[in-house]
1. Could you grab me the full set of residues in the range B:163-190 that are within 16 Å of the ligand (Cβ to nearest atom) and acidic (Asp, Glu)?
2. Scan the range B:147-160 for residues that are more than 16 Å from the ligand (Cβ to nearest atom) and either in contact with a strand residue (DSSP E or B) (Cβ under 8 Å, 6 or more places away or on another chain) or touching a residue at least 40 places away in the same chain (Cβ under 8 Å) (or both) and jot them down.
3. Please indicate, with yes or no, whether at least one residue in the range B:77-93 is touching a residue at least 40 places away in the same chain (Cβ under 8 Å) and in contact with a Leu (Cβ under 6 Å, 6 or more places away or on another chain).
4. On the given criteria, is B:ALA117 outside any helix (DSSP H, G or I) and more than 14 Å from chain A (Cβ to nearest Cβ)?
5. Looking only at the range B:139-146, decide whether some residue is open to solvent by 60 Å² or more (accessible area, probe 1.4 Å), under 21 Å from B:ARG53 (Cβ atoms) and within 16 Å of the ligand (Cβ to nearest atom).
6. Run B:ILE126 past the list (1) of a type outside the set (Gly, Ala, Ser); (2) surrounded by 12 or more Cβ atoms within 10 Å (Cβ to Cβ); (3) assigned to a loop (DSSP other than H, G, I, E, B) and report the number of the one that doesn't hold.
7. On the basis of being modelled with pLDDT of 95 or more and out of contact with any Lys or Arg (no Cβ under 6 Å at 6 or more places or on another chain), does A:LEU23 make the cut?
8. Just to be sure, is B:LEU104 surrounded by 15 or more Cβ atoms within 10 Å (Cβ to Cβ) and in a loop (DSSP other than H, G, I, E, B)?
Amino acid sequence: MENKNQAQRLIQIQQLQFTAVELNLFLDTHPNDQHVLALYNQVHQQLIESVRAYEQVYGPLLNYGYSPALQNYWAWAENPWPWELKY
Amino acid sequence: MWIYEKKLQIPVRVSAPNPRLAKYVITQYGGPEGELSASLRYLNMRYSMPTNRAKGVLTDIGTEELAHMEIVATLVYKLIEGASIEAIRAADLGAHYADHDRSLYWVNAAGVPWVAAYVSATGDPIADLHENMAAEQKARAVYENLLHLSDDPLVNDTLRWLREREVVHFQRFGETLMHVQEYLDRKKIF
Ligand SMILES: [Fe+2]
């Protein structure tokens, strides 16, 4: 399927974000854990970097101004939607 | 305010169209212990919580449940997408097809539409947090039931992952309950 590569690239983002979600929920109930705070910031940096790299090729990941429009058309609506991707 | 992210929280795969399995799995879309119920239960409860920590937990878990609703929707979509009318009829999904074709709808496994009565909010934070812990356990139990019914190993991967999330949410709600309990006890002293 033509979007196999895209799905592959997304998995890296999904893994990083899953780590961030877990750390986020943990910090909600352990707000002073310095070790986890540092981990969270580390994952945040990596996540932002892989999102920006993904968007160069596949268009905006986020709407409403949180992702740049890097293509010469409105890729946000044109590129495949999450339930249409073939993994 | 919510921002949409154009991706699923995890990759979702199915082996083949399987309308019978779709009929079961859809209960985690629109059933009493489903992801819509979970998300709305938590996001609605935030307003009457006494501590910021509790509001944070409910916001973050309520938001993750929306992502889970999208995962379940994708499962159901992929399981009925290419199914033939014969297969849909044989799977007892003819009644769904009559009203909805292959589109999604918030129903339980028996086709009963979602109702707000699935969700509770008493305004008592102790009662409400216990409600959430029970809800997470009930959602976990329903994923177990679905795993017993499912004959698709790829669908099982996703169901197992969703089941584990309920365990983590239960844990976080338990910690939140202790925190709110301490806060209320302290308030009584002063
Ligand atoms: Fe949950």
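The values are calculated or read from the model by the stated rules, or taken from the named source; none is laboratory data. Predicted model, so just to flag it, every value in this text is computed and none were measured. Cβ: placed from backbone, ideal geometry, glycine included. Neighbour counts: every protein chain shown. Side chains are part of the model used for accessible areas, which takes the heavy atoms of the whole protein and leaves out ligands, DNA and RNA. Shrake-Rupley method; radii C 1.70, N 1.55, O 1.52, S 1.80 Å.
1. Selection gives B:GLU164, B:GLU166, B:GLU175.
2. Result: B:LEU149, B:SER150, B:ASP151, B:ASP152, B:PRO153, B:LEU154, B:VAL155, B:ASP157.
3. Looking through the range B:77-93, at least one residue is touching a residue at least 40 places away in the same chain (Cβ under 8 Å) and in contact with a Leu (Cβ under 6 Å, 6 or more places away or on another chain).
4. Values: outside any helix (DSSP H, G or I): no; more than 14 Å from chain A (Cβ to nearest Cβ): yes.
In short, no.
5. First, the residues of the range B:139-146 that are open to solvent by 60 Å² or more (accessible area, probe 1.4 Å): B:140, B:145.
From what is left, the residues that are under 21 Å from B:ARG53 (Cβ atoms) are none.
Looking for residues that are open to solvent by 60 Å² or more (accessible area, probe 1.4 Å), under 21 Å from B:ARG53 (Cβ atoms) and within 16 Å of the ligand (Cβ to nearest atom), one finds none in the range B:139-146, hence no.
6. (3)
7. Details: modelled with pLDDT of 95 or more: yes; out of contact with any Lys or Arg (no Cβ under 6 Å at 6 or more places or on another chain): yes.
Criteria met by A:LEU23.
8. Yes: the conditions hold for B:LEU104.
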